[in-house]
Amino acid sequence: MLLHTIYLIAIVAEAMSGAIMGMRRDMDLFGICVVGTITALGGGTIRDILLGNYPLGWIIHPQYLLFTIGAAIVTAFVARFLHHLRSVFLMVDGLGLVAFSVIGCDIARANGMVPGIVILAGMITGVFGGLLRDVLCNEIPLVLQRELYATIALFTGSLYVGLLWLNVDPTIAPLVAIGCGFLYRLLAMRFHWKLPSFNGSGIRGFE
Amino acid sequence: MLLHTIYLIAIVAEAMSGAIMGMRRDMDLFGICVVGTITALGGGTIRDILLGNYPLGWIIHPQYLLFTIGAAIVTAFVARFLHHLRSVFLMVDGLGLVAFSVIGCDIARANGMVPGIVILAGMITGVFGGLLRDVLCNEIPLVLQRELYATIALFTGSLYVGLLWLNVDPTIAPLVAIGCGFLYRLLAMRFHWKLPSFNGSGIRGFE
Amino acid sequence: MLLHTIYLIAIVAEAMSGAIMGMRRDMDLFGICVVGTITALGGGTIRDILLGNYPLGWIIHPQYLLFTIGAAIVTAFVARFLHHLRSVFLMVDGLGLVAFSVIGCDIARANGMVPGIVILAGMITGVFGGLLRDVLCNEIPLVLQRELYATIALFTGSLYVGLLWLNVDPTIAPLVAIGCGFLYRLLAMRFHWKLPSFNGSGIRGFE
């Protein structure tokens, strides 16, 4: 199935992004594998723990761990030659984000959640892996600061839920949502779209 | 019910405290909403995951998410005018702490936990939201460093469990515990009470 | 049972390590107890949440919390006199690591997991307590950077699973695995063995 193939590509891309961040923090090979794996599978794991959706995906399919660990190890050895592939990487990463969102929505729907929670589950699947990566690397999570990443996950999930509600064919709806979400990501990167932020440095008295 | 009203006020206050911390870290509007929501609902979520108490509260009542997201958005736009309200904010925040503790105890009791775990569940509900907030904002959690916050949560929970054990009327006991815990918080703030800390900078050999 | 005695010694050692780290961050007595307890019981808690293995160990046996809290409090008061005990501490800590790994494997096996997940569960039990400790103390987790800690947990778990697969007596197998894992830890400390790390500071274009 196409969605499953996209999912496998996405976890490889996410594992690479985690591995690169781990290398920048001088982690050893074990740390690189852990951060890569948590980046790739952490969003879905948090979603399933919050929904009580057991057993977890990577416990049913341990081969996912081989994909993420393999991707992290390969990245560790070839990362210094990858900068030519920057735009490929960003596109795969963006495709992963929207695919994760749609898959997260599907799992919440299968667990009988209301539409708001379905969309939230998609967003958590899409962005919480990167959030865990940044916490492990002792950074303020990038998705909370200046990426339109999360907005794209929410947009993709909302579009997907809306299409299903309109009785669009359930083999077509995820593809439309993924296509539109991916296009949004490309445009956001191209034109540097971002959400407003608020200079909070002058706020006093709430320590 | 009074306890429920206090709970709603408390999650709004906690969401505001998370939103303000997020603004100080230059987060965008999405990040402010995430940190606000996790600050407000994170303590109860961790408690329920540890107890295996599914489904989670905000999945049964998704409207709680609207409260916390709404509070975070409003805070983002009005925070610079809020410093006149500092003492109101601190009182609502303190009320939230003791209300969270009592509610956490109730949920652990309903899950058949022993008294020690009931008090611990109250404490986790009261302080782990703020702990997650500080981890996301890349800070050493304030509650672990110099607030009497956690002590007040433990005091409130212990008092509540003690009153129930003494067969105090279960509509009276939470109000007495909340009242005494809140008084303790006010006194602790007024007189700068704090727990001992230990200068660990000279300890060698346990890296 | 010997394994249970080793477990109790191990959680005391881990709680001490957490308490010392907390003291270095100027935490108060409450923070020291929380960090000590999470260091000692956090790895097993994460394992059980991931496996869906409820109720959690310290909810069935709340006395474990008394051990870890007691160890943290004692450490807070005597830590400045402990440096003479450095080598004892490191040996107890190493023993704890391998005991945690074997116990984690046992629990995953009792939950019907495949061998790869069994070994992973042992590793998570051994190292994720220290990982949580470092996240709470606002550090990049040491186990991800330069300790052979995780490798020893994986080695111990793999050896244990291998011995059981070879039908070694299930009262002998854990002792052999613990003995060999502990020896490996001693050798790794003595000869400063470490995994390769990769200088990632020059990698561009994957922000």
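The values are calculated or read from the model by the stated rules, or taken from the named source; none is laboratory data. These numbers were taken from a predicted model, which means no experiment stands behind them. So basically every Cβ, Gly included, is an ideal-geometry build from the backbone, and we count neighbours across all protein chains shown.
Restricting attention to the range C:1-33, the residues being without any contact (Cβ under 8 Å) to a residue 12 or more places away in the chain and under 16 Å from B:Val143 (Cβ atoms) number 5. Would you pick out the residues in the range B:9-34 that are within 14 Å of the chain's Cα centre (by Cα) and within 7 Å of chain A (Cβ to nearest Cβ)? If the condition is that a residue be within 14 Å of the chain's Cα centre (by Cα) and within 7 Å of chain A (Cβ to nearest Cβ), then B:Ser17 is the only one that fits. In the range A:160-171, the count of residues that are within 30 Å of C:Leu144 (Cα to Cα), within 14 Å of another protein chain (Cβ to nearest Cβ) and crowded, with 19+ Cβ neighbours inside 10 Å is zero. Looking across the range B:25-36, the residues that are part of a helix (DSSP H, G or I) and touching a Phe, Trp or Tyr at 6+ places or on another chain (Cβ under 9 Å) come down to B:Leu29, B:Phe30, B:Ile32.
In the range B:85-99, the condition of being buried (at least 21 other Cβ atoms within 10 Å of the Cβ) and either β-branched (Val, Ile, Thr) or modelled with pLDDT of 95 or more (or both) is met by at least one residue. Residue check: C:Asp169 meets all listed conditions (1) in a loop (DSSP other than H, G, I, E, B); (2) touching a Leu at 6+ places or on another chain (Cβ under 8 Å) but one, namely (2). The single condition from (1) in contact with a Leu (Cβ under 9 Å, 6 or more places away or on another chain); (2) modelled with pLDDT under 90; (3) more than 8 Å from chain A (Cβ to nearest Cβ) that C:Pro196 fails is (3).
Of the residues making up the range A:132-144, those that are surrounded by fewer than 24 Cβ atoms within 10 Å (Cβ to Cβ), out of contact with any Phe, Trp or Tyr (no Cβ under 9 Å at 6 or more places or on another chain) and not charged (D, E, K, R) are A:Leu132, A:Val135, A:Cys137, A:Asn138, A:Ile140. For the range A:123-146, the set of residues classified as basic (Lys, Arg) and within 25 Å of A:Ala108 (Cα to Cα) consists of A:Arg133 only. Here is the figure for the range B:165-187: residues that are touching a residue at least 24 places away in the same chain (Cβ under 8 Å) and over 23 Å from B:Phe128 (Cβ atoms) total 2.
A:Arg185 falls short on exactly one of the conditions (1) within 14 Å of another protein chain (Cβ to nearest Cβ); (2) farther than 30 Å from B:Glu14 by Cβ; (3) charged (D, E, K, R), and that condition is (1).
Considering the range C:172-182, and only residues there that are surrounded by 13 or more Cβ atoms within 10 Å (Cβ to Cβ) and among the aliphatic types (A, V, I, L, M), the residue that is nearest to C:Leu2 (Cα to Cα) turns out to be C:Leu175.
Could you check the range B:85-109 and list, in sequence order, the residues that are aliphatic (A, V, I, L, M) and touching a residue at least 24 places away in the same chain (Cβ under 8 Å)?
If the condition is that a residue be aliphatic (A, V, I, L, M) and touching a residue at least 24 places away in the same chain (Cβ under 8 Å), then B:Leu90, B:Met91, B:Val92, B:Leu95, B:Leu97, B:Val98, B:Ala99, B:Val102, B:Ile103, B:Ile107, B:Ala108 are the ones that fit.
Being crowded, with 17+ Cβ neighbours inside 10 Å and in contact with a Pro (Cβ under 9 Å, 6 or more places away or on another chain) is true for just one of B:Ile107, B:Ile103. Which residue is that?
Every option except B:Ile103 fails the conditions.
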